[in-house]
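Only one structure is covered here, and it is reproduced in the block below.
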Amino acid sequence: MVFIVRGFRQSIPDSEYFDPWESQNWDFHRRIAGWYRELPVHLTTKEVSTRMRNFNKLYGDLFNSEEINSSFSRVGSEKSIIDAAVVGSKFLVEWRDISRAIQLIDDGDGQVLLDAEVQEAMPFFSYKSSQVSNSLISLKLQQYTTVDFVKRLKTSSNRTMALRPTSLAGWVWALICRDVVENITYTKCSGFEICGRELPNLTPSGKMILHCSGTCQKRASRKKASSNL
C-alpha cells in the first residue's frame, strides 16, 4: 500500500494555506489533467503567466512550498520575459506529464508508469542518461517527496513507510502513485455538475465517501428530500 503523510500545507497569497487533506482534494491530480487538456494548442508567455498566477492564488506554487508573489520573484522585482518563459515552460511540462499519466491510468495502462518502458509511452519526457533505468513515478517521487516512517495509530509502536510531499507537485505524484499501485478508481461526486469533483473508491485516509464536501452532501440531501414530496 501507498501511505501519504498528513500535514502538508501549501502557502498561498495573503498568508493563507491550501491544505489538500483538510479540503479533501483527493482528485487534484485528475483536475490538473483536465485543465491541461482544455488548454489551447498555442499559448503566449503572457497567457501562461496568467494561468500560473490564477493557479497560484488558489493553490500556491506547484514546485515551491513557500509563498511567492504574483510576478514569480522572491525579491519583488519583475522577471524578464525569458525568465517568465522558462518558469512557464516548467509549469506546463509538469501539467503535461500529469495529464499523460492520468490518461495512461484511465486507459488501463497505468502500470507502465512503474517501469522504464514509460519512455515509449511518454516520449516527450526528458530523461537524463543516469535516469533511463528509472520509472517515471520513481523519478517524480524522488524530485517532489521524501520518505518518512510514521505511526498510523498513536497507541501503536509500529511505524509504516510513507511518502511526505515537499511541494504541491509531490502531493500530485503521490496520488498518482497510489492510483497505480492500489488500483484506485474514481466516480463522479453527487454534485458533479456543479463541483466538477471526482471521488476515489478509497481515500488516502482509508475512507469511502459519497460526496466531495459538506456542501455537496447537503445539496444531495435536499434533492432527495424534494424528490420524495
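Of note:
- Qualifying positions in region 29-50 - surrounded by fewer than 19 Cβ atoms within 10 Å (Cβ to Cβ) and within 16 Å of the chain's Cα centre (by Cα): 31, 34, 35, 36, 37
- Which numbered condition residue 19 misses (of (1) of a type outside the set (S, T, N, Q); (2) crowded, with 17+ Cβ neighbours inside 10 Å; (3) free of Cβ contacts under 8 Å to residues at least 60 places away in the same chain): (2)
- Enumeration of residues in region 175-194 that are assigned to a helix (DSSP H, G or I) and touching a His at 6+ places or on another chain (Cβ under 9 Å): 175, 176, 179
- Which numbered condition residue 161 misses (of (1) surrounded by 15 or more Cβ atoms within 10 Å (Cβ to Cβ); (2) over 26 Å from residue 12 (Cβ atoms); (3) of a type in the set (A, V, I, L, M)): (1)
- You will find that of 163, 202, 210, the residue that is outside any helix (DSSP H, G or I), modelled with pLDDT under 90 and aliphatic (A, V, I, L, M) is 210 and no other.
- Selection count where residues are modelled with pLDDT under 80, closer than 22 Å to residue 166 by Cβ and of a type in the set (A, V, I, L, M), scope region 50-92: 3
The values are calculated or read from the model by the stated rules, or taken from the named source; none is laboratory data. Since this is a predicted model, take the numbers as computed values, not measurements. Quick reminder, even Gly has a Cβ in these numbers, built from the backbone with ideal geometry, and neighbours come from all protein chains shown.
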